[in-house]
1. Hey, fewest Cβ within 10 Å first, where do LEU44, LEU336, LEU585 land in order?
2. Would you mind ranking ARG748, ARG405 by Cβ crowding within 10 Å, fewest neighbours first?
3. Sort region 770-841 into rounded, prolate or oblate with this rule: let a ≥ b ≥ c be the square roots of the eigenvalues of the Cα gyration tensor; rounded if a/c is under 1.5, and if a/c is not under 1.5, prolate when a/b is larger than b/c, oblate otherwise.
4. Could you work out how far apart the two model spin labels at SER439 and ALA26 are, taking each label as a point 7 Å from the Cα in the direction of the beta carbon, and quote it in nm?
5. Scan the chain and report its longest stretch carrying no GluC sites (Glu not before Pro) that are both in a DSSP loop and have at most 11 other Cβ atoms within 10 Å.
6. Where in the chain are the DSSP H helices whose alpha-carbon span along the long axis reaches 30 Å or more and whose Kyte-Doolittle mean is at least -0.5?
7. For region 584-631 and region 716-751, compute the distance between their C-alpha centroids and round to whole Å.
8. Quick check: the distance between the Cα centres of region 310-356 and region 533-558, to the nearest angstrom?
Amino acid sequence: MPDASLAPDDATPTQPRAATHPLAIAPVPSPPSSVDGFVKQFLLNLNFDRGVALSESSVTDQYFALAYTVRDYLMARWLEDQKRQRDTQAKGVCYLSAEYLLGRQLDNNLLASRLTDVASEAMAQCGIDIEALRAEEVEPGLGNGGLGRLAACFIDSLATMSVPNIGYGIRYEYGIFRQTFVDGQQVEQPDAWLTYGNPWEFPHPEAAQTIWFGGYTETYDDGGVTRSRWIPGWSVVAVPYNYMVPGYHNGRVNTLRLWSAGATSSFDLREFNSGDYQEAVRAQVFAENISKVLYPEDSTPQGKELRLQQQYFFCAASIRDFLDNVLPEGFDLERLPERVIFQLNDTHPVIAVPEFMRILVDERGMEWDAAWALTQQCFAYTCHTLLPEALEVWSVDLLGRLLPRHLEIIYRINEEFLLEVREKFGDDEMRIRNMSIISEFPQRSVRMAYLATVAGAKVNGVAELHSQLLRDKVLPDFSEFYPDKFTNVTNGVTPRRFIRLANPALADLITEALGAGWTVDLERLRGLEAHAEDPEFRARFAEVKAANKRRLSEVLWHRDRFEVSDGHLLDVMVKRLHEYKRQMLKLLHIVTLYERVASGRVAASDLTPRTFIFGAKAAPGYDMAKRIIHLINSVGSVVNADPVLEGRLKVLFPPNYNVTLAERVIPAADLSEQISLAGKEASGTGNMKFALNGALTIGTDDGANVEIRELVGDDNFFLFGQTEPEVEALWARGYRPAEFYRENDDLRRAMDLIASGAFSGGDRSVFEPIMSNLLYDDRFMVLADYASYIDAQERVDAAYQDQDAWTRSAILNVARCGFFSSDRSMRDYIDRIWHTPPAPA
Ligand SMILES: *Cc1c(COP(=O)(O)O)cnc(C)c1O
C-alpha cells in the first residue's frame, strides 16, 4: 500500500450505486429511427449541446451534433450491456493494448446501428451535405500500424459476436505524427487530434485512479509472516475515457476504456501550500506527459523511461479498474479465471503481470503460489514479431528505479521458473542463461517476451509460419519446456470497415449475388466462385474496380493534386516504412523500368501503363527509412516529369498514410505489394485487406501471404523470392550482395543510375548510404530477391493484358479470403485461448 501520508486527503468520491427512480427502471429508450425522429434529435443536440441554431451553425457544430445523435441511438444499448455484464458475470476479455488505430468513427457507428440512410436523409432535409461532415472528422491515430489496427479490428469483432470485452489502452493527447513532405523529405507535424474536442468519448474524472511510481520496498512482520511492501515515491492520476464499441446490427455495445494522465491533487497542493507555484505547475506538466504522445516507433522500440511509465500507467489502471469496478464487491479471486482473461497485445502491457502479482500478494495477502497459479490462468500473450531488435527489454536499473517492487517480483518469478527448468533439463547452464527472464548482456535487463511467455496461459503467433518460427527460432527452449503453451491465431481484419465502409460498391454487388449475411459470416464469400465464371458478373466487378479508381483519383486530387489515369494498372505498396518490408525492392523495379526506357532499350509504348502508389510513415529517428522515403519521392519527381513516360508510368506518394487513406486506396488497387523478406513479416494485415477488395498479390512466402496463396491458389497469386529456409541457407553459405549486383545487368544499371545522382540533381552523396548498405550489408536481401521479383512483375504485366482473366482472378481472391475476417480470428482465440462463451442473447 502507498504511504498514507502521500495518499490524497481529498479521497476519490465514491458514487452511490443504488440511486433509483420509477422512470429509470430501464435506460432511456433510443429515439425513433425515423428521419423525423433523427432530425429532431439532431436539432436538440445542435441547440442544447453545441448552443447554436441550425442557421448559425458551423460544419464543426453540425458534425458534433450528428455524432451526438448517433451516440444517442447507441446509448440505451450501451447502458443495457454494461448492466447485463455486471448481472450475468459471464467471462469476458480484457484486451490490453498500448495502441488502437481506430479510424474514423462516424460512418462505422452509423453502419453498426443501421442509421446510414436515415442520417443521410435527415441531413439532406436540414440542407446539410453529410459528406462535408464526414470529411470534418479527424481520425484518432492512437497507433503506429498493423498492431494497433489489429486491436481495433478485434474489438469490433468481439462486439459483433456479443463477447463481453473491455479494450484497455492509452488516450494519447497526440497520436501518430502527421507526415508532410518538404523537398521530398519527411517532416513530422504533431497530431493535435483533440483540438476541437472529441464527440465519441465519455470522460470520468471522478473515477480516476492513483498510479504510483518510484520509492523503495521494505519487509515487515505480519503476525509472524515476513511480507514485502512498496513505499512508492510519486504518483499520477489516471482518468478513464470511455468509448462505445458497437457490434454490427446486433444491438450490442462494448467499451473501449482509454486512460489519460494528470497530476494528483495532493501533489501540486503540497507544493502550492508551500508557496512554490512553479514547482506545482512543473509537477502538473510532468504528470500529463505520461499520456502526451504515442511513441512513433514501429518494430523497433527504444528503451525510454517515459515509455515504461506509459506501459505501467495504463496496465496498473486497467487491472485495478477490473478488480475494483468491474468485478462485484467481495468477488472470490480464486474464481477469477472463470471471469476474465487478460490478453497482452505484444510485450507493451507485460508489466501488468508483476502488477497483478503485487496486488494479489502484497495487497490482498494471497500466498505466492496461489497468486502465481491464478496469473498463469488469467493472462495470455500474443507475440507480433520475429525481428530480434523488436523484442522489448528494460534495463534492471531503470525498472528498479521506477518500479522497485515489480522488479523484486520479476526476480522471484524468474528464480522459481529457472528451478523448474533445472528440474526438467538438468544443470544445463547454457540453457538456463538462454531462458532466464533476466539477460546479463550488454546490460542486465528484463526480457519482457520471456516474462510474458512464462506467465501466459498461452502464447500465440499471428500467422501459421510466424507461430512455427516462434516455436523453432525465437523461443525454442520455451516451446520445448512448455509444449502445449504455443499456438497460432492467424490475424484478420474486420469486413465492416474494410469492405462495407471502404468499398460500398463491392459490398452491394456481393449482397446482390449472395444475399445479406456475409458481413458477419465471411466464409459465405465462397459463393462468389460460381459468379467468377459469369461474364456479366465479371463486367460488373470490373466496373466497381474502375469506379473505385475514379473515386481514389478524386480523393488524391483534392488532397495532393495527384491524378490516377484510367486504364492504368494500380500497383500499391502501403504500410510502415521499414527495411524488412523492402520498399527498396519496389523502387528498384520502378527504376529498372525507367532505366530501360531512358537508355532506349525498351520503348515506352511497350510498357504496361502503371501507376505506383506508396504510402508509408518512417519512425522519426530511423534515418535509413527516411532516406528511402526521400529516394521514392525523388524517383517519382523524375519519372513523373519525363514526357516520354507520360501516360505510361506514374509514381504517387500521398503523404500521411492512415486508416482513412487506406479505406480509399485499397479498394482501387489492382496489385498488392507484400514483398517482405521471408521470415521477417509476422503476419501482415494489409495483405488481407487488399485480397478481400479484389487486388492480386505479388508477394513472398512470408507471414499470412502463405495462407492467402494457399487459399486463392497459385494461379491467382504472383509468388517470388526465397523461402525462409532458402534465406537461412544463403546466410549460412555467406551472402555477398555485391555479387548479385555484378551479375545482374538490370540491377546494376538501376543501382548505378541512382548512384550517379540522376534522382538527386547530380549529387551523388544523398543516396550513397542506401546504395552502400545494399551492396555491402543488405540485411534484408533486397538484391538476392531482385531477379525473381522482376520476373514476377513481368508475369503481372502479361496477366494484366487479359483483363477478363485478371478480373476472374480478382473475384476468386475475394471469394476465397473469407478466412481473413477478424471474426474468425476471434473464434480461434475463443477456442484455443480464452474459452469465453458468447453472452446470452
Ligand atoms: C492495415 C494497416 C496497416 C498494416 O499494414 P501491413 O501491410 O500489414 O503492414 C498499417 N497502417 C494502416 C493505416 C492500416 O490500415
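1. By the 10 Å Cβ count, ascending, the order reads LEU44, LEU336, LEU585.
2. Least crowded to most crowded, the residues run ARG748, ARG405.
3. Taking the square roots of the gyration eigenvalues as a ≥ b ≥ c, region 770-841 is oblate.
4. 5.7
5. So the longest stretch without any such site is 1-328.
6. Result, helices passing both filters: 404-425.
7. 18
8. Cα centroid of region 310-356 versus Cα centroid of region 533-558: 47 Å apart.
We did not get these values from a lab; they are worked out from the coordinates using the rules stated. Predicted model only: the values in this text are computed from it and were never measured. Methodologically, a virtual Cβ is constructed for each residue, glycine included, from the backbone with ideal geometry; neighbour enumeration extends over all protein chains shown.
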